[in-house]
Amino acid sequence: MKVAVAGCCHGALDKMYETLELLQRRHNVRPDLLLCCGDFQAVRNEADLRCMAVPAKYRDMQTFYRYYSGEKKAPVLTVFIGGNHEASNHLQELPYGGWVAPNIYYLGYAGVVRFRGVRIGGISGIFKSHDYRKGHFECPPYNQQTIRSAYHVRNIEVFKLKQLKRPIDIFMSHDWPRSIYHYGNKKQLLKMKSFFRQEVESNTLGSPAASELLQHLKPTYWFSAHLHVKFAAFMQHETNSKEELPKATKFLALDKCLPHRDFLQIIDVEHDPNAGDSLEYDAEWIAVLKATNSLINVTQSSWNMPEKNGLHAKWDYSVTEEAIKEVLEELNHDLKIPCNFSLTAACYDPSKPQKNMEPVHTINPQTTEFCAQFGLTDINDRIQQAKEEGSGRGECEEEEEEDMDSTGSAEEPSEYNTDNSGLSSFNPDEIMLDEEGGDEDLSTCSVDPSPDHPPEFSTSFSDIRIMPDSMAVSSDDATDSNNEELEKSAGSKQVEEKSPTERSLKRIGADENGNSGVKKIKRRNQAIYAAEDEDKTD
């Protein structure tokens, strides 16, 4: 089946779906599924905008509310994960996943589903070490700290995913797995995004938690976004035994969704021709959720997941075939996810703006039904109870500003050395949600050929490209050699031509208080960094 993959959507659903329709008209290619790798921005109303961690001038309603209200319907089944620019109050209603609009499904903090026999997993948010070991304690209305920490990855979600034993076909994360740049054309990446150099050379660019998952899950495909640049890599995994078959992951990072940006990719994925067209629960994932339910935490206290270190009576929460069978029997072998979407907030009305609308903490009936069906804890209900009991477990208390200490506080050490999910301060392009001009496309840059993996990437630029059969690249040594010649792929199809505009980018190394750092930024428009009255994003 054909799967379309998009990078940061930033609420531009009309643009995204119109581009897919253009693909069908011009090339008679109709995707069966659309995957979005975060920054989806499922904004329903003005209150949701207030829960999105972006500078005020980027709080644009965009077009999701039309799909939420039913005015429009997604023309293709859409599955997405959360990023770091989201209506966090909306997504928080669905910690285990659910429908945010008809035909648009959110995977939750972490999740695995099936479509036509293809197993699709994902983890939402970005990595920050000082929040990694906390529980999901945040609730609206958020303060300056919790509006950001709400979308930070937690160790419990990574722990759950690491209990999976069955193969994963596709996995999504918003930020890149750390070290993945060593398996692609690193030289070309640094040429296009020179301000990544220090993080790449120190191996701190990206998420260590995502890297851990990549090595454990070894999916066939891994898709990411966040850094607003296209980049492809091919990672050959080490085998744990002689009996284990070699596995490899094809990695692709997508650009942001803007006109004349190469933000969509089409891939052909093997599927079960006898499977239905409905989105389905994954039985092993449900069994893992049941097995790990006792580990749910809604406090700010830092804690470690169970491990084999003599301190825990149980550390292996992977599930048996019998447990998976029990889930199937509970569902009468009908894994179809019910289409039980319902409105939980007022929808934006352009004729009646409500700029002072305040966000509220909502219990979503989809989550209530899901938890009741499988005997799981409703995280939001637990937070509500904690607040009512006055225990403070769910209170949105003041925290240390998240970017003041990238390695975690002394009293709450992180299991990882740094918290660089993308850049130690910020990616200049990351906050430019409506910036004109385009960044260069890296997914199409060839690398020096190796005997096993000849280059098969295209040099052309378009809004949509059909992915070549091979995303393979050579080793790191080969990618950094002097051969920079770009190869064209016969399997590449274009929908919209564009001329790539070169931009000179610099990096400002400044902390959240605006203190100047060592690094400088070189970019066409530096005016955005002169505004002292605006917030800064992760």
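Any residue at all in the range 282-304 that's open to solvent by 80 Å² or more (accessible area, probe 1.4 Å), part of a loop (DSSP other than H, G, I, E, B) and under 29 Å from Arg30 (Cβ atoms)? No, the range 282-304 has no match at all. Ile147 - would you say it is in a loop (DSSP other than H, G, I, E, B), touching a residue at least 24 places away in the same chain (Cβ under 8 Å) and under 30 Å from Asn364 (Cα atoms)? Spelling it out, it is not the case that Ile147 is in a loop (DSSP other than H, G, I, E, B), touching a residue at least 24 places away in the same chain (Cβ under 8 Å) and under 30 Å from Asn364 (Cα atoms).
The set of residues from the range 63-101 being of a type in the set (D, E, K, R), in a loop (DSSP other than H, G, I, E, B) and open to solvent by 10 Å² or more (accessible area, probe 1.4 Å) comprises Glu71, Lys72, Lys73. Listed conditions (1) free of Cβ contacts under 8 Å to residues at least 40 places away in the same chain; (2) not in a loop (DSSP other than H, G, I, E, B) are all met by Asn309, apart from (2). Restricting Tyr132, Tyr142, Tyr106 to those that are under 24 Å from Met305 (Cα atoms), modelled with pLDDT of 95 or more and aromatic (Phe, Trp, Tyr) reduces the list to Tyr132.
Matching residues to (1) closer than 15 Å to Ile170 by Cα; (2) of a type in the set (Val, Ile, Thr); (3) in contact with a helix residue (DSSP H, G or I) (Cβ under 9 Å, 6 or more places away or on another chain):
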site	(1), (2), (3)
Pro208	no, no, yes
Leu217	yes, no, yes
Thr220	yes, yes, no
Ser224	yes, no, yes
His228	no, no, no
Phe231	no, no, yes
Phe234	yes, no, yes
Thr239	no, yes, no
Lys242	no, no, no
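Pairs linking a residue in the range 354-376 that is at positive phi to a residue that is basic (Lys, Arg) and modelled with pLDDT of 95 or more, with Cβ atoms under 7 Å and 6 or more positions apart or on different chains, are Gly375/Lys290.
Against the list (1) in contact with a His (Cβ under 8 Å, 6 or more places away or on another chain); (2) at pLDDT 95 or above, the condition Lys247 fails is (2).
Restricting Leu205, Leu227, Leu189 to residues that are outside any loop (DSSP other than H, G, I, E, B), open to solvent by less than 30 Å² (accessible area, probe 1.4 Å) and either within 23 Å of Glu86 (Cβ to Cβ) or in contact with a Leu (Cβ under 7 Å, 6 or more places away or on another chain) (or both) narrows the list to Leu189.
The values are calculated or read from the model by the stated rules, or taken from the named source; none is laboratory data. The shown structure was predicted, so the numbers you read here are calculated from the model rather than taken from an experiment. In this analysis, Cβ positions are derived from the backbone assuming ideal geometry, glycine residues included, and neighbour counts consider all displayed protein chains. Side chains included, ligands, DNA and RNA excluded: accessible areas come from the protein's heavy atoms. Shrake-Rupley method; radii C 1.70, N 1.55, O 1.52, S 1.80 Å.
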